[in-house]
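Participant: Just dropping this structure here.
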Amino acid sequence: MLKKIVPFSTKLVEKLEESQNDMILPPLLSFEEVCEYLGLGHTIVSQMIKKGEIPHTRARNRIRVYATDLKEYLDKRRVVGK
């Protein structure tokens with residue numbers, strides 16, 4: 001489970017707060033939240049989604065990304081000191 005994630009915007013912080021100040025990502029992230037979390041622009045994230053780099057689903061024609069898929073994407077690309 002994703003714990004202690006520090007988002008980039010205060011709006012996202014408020015949305016992610018849980019009891020005892022322990023933050024977790026919601027199960028589904030909007031396109032905007034994915035952009036904010038990654039610190040990337042809309043164009044780049046759109047390209048990543050279109051290429052299939054970031055798995056996604058659609059709800060009423062809106063892009064949604066499972067937090068677990070985003071974490072898995074980031075974990076696969078993680079580089080630990082050489």
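Participant: Among the residues that make up the stretch 25-38, is at least one of them over 14 Å from the mean Cα position of the chain (by Cα), loosely packed, with under 15 Cβ neighbours inside 10 Å and modelled with pLDDT under 90? Break it down stepwise before answering.
Facilitator: Pass one, the stretch 25-38, residues over 14 Å from the mean Cα position of the chain (by Cα): none.
The answer is no, given that none of the residues of the stretch 25-38 is over 14 Å from the mean Cα position of the chain (by Cα), loosely packed, with under 15 Cβ neighbours inside 10 Å and modelled with pLDDT under 90.
Participant: List the helices (runs of 4 or more DSSP H) that sit entirely inside the stretch 26-76 and contain at least 2 residues that are in contact (Cβ under 8 Å) with a residue 24 or more places away in the chain.
Facilitator: Details: elements: 31-38, 42-50, 67-76.
By residue number, 31-38, 67-76.
Participant: Within the group H56, H42, which residue is in contact with a helix residue (DSSP H, G or I) (Cβ under 8 Å, 6 or more places away or on another chain) and farther than 19 Å from P27 by Cα?
Facilitator: H42
The values are calculated or read from the model by the stated rules, or taken from the named source; none is laboratory data. Because the structure is a prediction, the values reported are computed rather than measured. Cβ atoms come from the backbone with ideal geometry, glycine included; neighbour counts cover every protein chain shown.
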